[in-house]
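The block underneath contains the structure these notes are about, expressed in structure tokens.
The values are calculated or read from the model by the stated rules, or taken from the named source; none is laboratory data. Given the structure is predicted, the values throughout are model-derived calculations rather than measurements. FYI the Cβ positions are ideal-geometry reconstructions off the backbone, even for glycines, and counts take in every protein chain you see. We work out accessible area using only protein heavy atoms, side chains counted, and drop any ligands, DNA or RNA first. Shrake-Rupley method; radii C 1.70, N 1.55, O 1.52, S 1.80 Å.
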Amino acid sequence: MKSRIKNALYVFLALLFVLCSISTITTYTTSSTTLYTDVLVDLSQDSKFDVADYPIVETDYSISVIQIAESVNDQLFVYVYQPSQNMVKPSSINISTTVGDDYSPNNYKLALIDYTDALYKYLVVDFVVSNDTVRYYDIPSIFRLFNLAIDEPLDNDNTVSEVACEVAKLWITTTVDGQVLYDCQETETIEVTEKYVGFIRYDNGFTLYNKYCDSHYVAFTTDKPMDKLKEAEVLYTRRDIVTRINLTGEHLYSSGEPENVKVKLTDIEKGHNDPHGWPWSYSYEWDRIEKVSEFVNDPDNNLTDSTKESLAGKQWVLRFYESDVDETATGGIAYRESVEVTNVTILRLMFETDGVVYNLGVVDNKQSGDLVPDNEDTSFWDKIKEILEIILYVVLGILVLVIIMPFIPTIVAFLVKLLGYILKGIWWVITLPIRLIKKE
């Protein structure tokens with residue numbers, strides 16, 4: 001996929017720099033609706049633009065962002081060349097409006113405004129153009145919807161919802177005397193080549209119900225070597241869910257509204273669970289950023305064999321989120337309150353290689369794991385069984401104590417007499433040298 005995108009970009013590189021000179025796209029409004037100009041009207045503002053340079057190629061599934069434009073309503077548009085037309089459907093885009101040390105991409109949804117043949121115009125949803133004199137739009141990647149007709153499904157329990165395509169362009173817009181000037185530059189990105197999303201469930205202990213901690217992680221490999229991974233930014237979608245558990249299995253009972261969350265991780269931070277109760281109240285701690293080898297070999301993780309197979313070939317692990325899990329039982333039916341994590345994508349990586357520090361945008365799919373923990377774990381009913389076994393041992397202990405109660409005075413007297421003999425023996429050994437001297 002990356003090579004095809006690059007080939008398309010190289011072919012249209014010359015036209016790209018020409019199109020970068022397009023001025024601000026205008027919009028006009030009515031009392032109830034905002035109307036937008038057509039994609040060809042916008043692009044044709046450059047006299048050298050020729051729609052024939054963007055032909056329909058049904059077998060070319062690449063996506064090329066050829067231009068961006070600001071509107072007078074402070075909206076942002078992106079113009080995309082899609083050779084296969086609707087076989088690929090752009091869905092979102094990563095944009096950082098800051099550069100240098102402050103570089104930090106965000107993900108925005110795309111809304112289709114207009115298209116002609118293989119040229120498409122999209123609105124960047126919920127994006128507001130700033131009023132700064134100089135504005136930056138660093139775009140490492142654009143996403144399209146996963147399509148079974150052209151995409152291969154993964155060979156594990158993970159699924160892909162959006163496929164990332166490299167853009168690697170920085171647009172700099174400057175307002176001079178009321179006119180907007182565009183400059184376009186190439187940038188460097190880092191691509192995730194292998195990836196696995198999952199979670200580990202740690203037991204927090206038992207009071208009147210079972211409580212766990214789910215540690216969500218993403219393991220991955222990139223196309224660039226990283227001697228040390230210092231920082232990472234991860235985007236994911238979280239949703240509260242309630243699962244009903246009975247003799248027929250586990251079933252989704254209810255769910256909340258999905259929420260997109262962006263988090264920054266560093267190599268000096270640690271995550272942990274929140275232990276409480278008895279008798280399984282254990283405290284666990286882990287690094288936010290660690291190597292896969294350390295992750296796999298940590299005995300606290302107790303990974304399943306299938307998880308270890310899925311992690312094979314991966315290099316780094318990001319432990320990006322912890323969520324609580326509560327299990328209760330009523331009338332033979334158990335309910336589990338937990339958090340579902342989906343659409344995990346890495347936005348940025350800061351790393352060191354050969355003594356040089358890089359801070360790059362990432363080309364990475366939006367990927368989801370399943371709802372099954374990746375470690376060996378006992379079920380709710382197994383824990384109930386263990387509790388009953390402990391209660392049984394306590395009851396048996398009390399019965400034994402009741403049975404031997406009449407014999408306790410005799411046993412105590414015997415132990416006291418035995419202790420006296422032991423002390424006399426010790427005293428005899430200590431005083432033996434003195435007695436021998438007296439005999440001499």
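Numerical summary
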quantity: Neighbour net charge for Ala69 - beta-carbon separation under 15 angstrom, K R +1, D E -1; calculated: -4
quantity: DSSP bridge pairs, the chain: antiparallel proportion in percent, nearest 5; calculated: 95
quantity: Extended-chain gain in nm, criterion 0.36 nm per residue less alpha-carbon gap, Asp126 and Thr98; calculated: 8.4 nm
quantity: Nearest 10 degrees, 0 to 90: helix 380-404 Cα axis against the chain principal axis; calculated: 10
quantity: Under-5 Å amide H pairs with Val180, H placed in peptide plane, nonlocal only; calculated: Thr24
quantity: Heavy-atom SASA rank of Trp171, Trp428 (probe 1.4 Å, accessible area, largest first); calculated: Trp428, Trp171
quantity: Charge sum, other residues only, whose C-beta stays under 10 Å from Tyr115's C-beta, Lys/Arg counted +1 and Asp/Glu -1; calculated: -2
quantity: Low-density loop cleavage sites - GluC sites (Glu not before Pro) in segment 204-253, where at most 13 other Cβ are within 10 Å (DSSP); calculated: none
quantity: Note, ³J(HN,Hα) from phi for segment 90-95, Karplus 6.51, -1.76, 1.60, rounded to Hz, x at Gly and Pro; calculated: x, 10, 7, 8, 9, 9
quantity: Under 5 Å, built H, 5+ apart or other chain: amide partners of Ser141; calculated: Asn94, Val167, Ala168
quantity: Nearest 10 degrees, 0 to 90: helix 2-11 Cα axis against the chain principal axis; calculated: 20
quantity: Computed label-point distance, nm, for sites Val372 and Asp50 using a 7 Å Cα→Cβ extension; calculated: 5.7
quantity: GNM result for the chain, Cα springs below 10 Å: residue of Leu388, Leu419, Leu396 fluctuating most strongly; calculated: Leu419
quantity: Trypsin sites (Lys or Arg not before Pro) within segment 179-240: DSSP coil, no more than 12 neighbouring Cβ in 10 Å; calculated: none
quantity: Under 19 Å from the Cα of Lys48 - aspartates and glutamates, other chains or at least 8 residues apart; calculated: Asp38, Asp117, Asp183
quantity: Of Lys230/Lys270; Lys270/Lys291; Lys121/Lys224; Lys224/Lys314; Lys121/Lys169; Lys89/Lys264, those spanning more than 21 Å from alpha-carbon to alpha-carbon; calculated: Lys121/Lys224; Lys89/Lys264
quantity: log10 of Debye I(q)/I(0), alpha-carbon scatterers only, for the chain at 0.07, 0.08, 0.09, 0.14 Å⁻¹; calculated: -0.50, -0.60, -0.71, -1.26
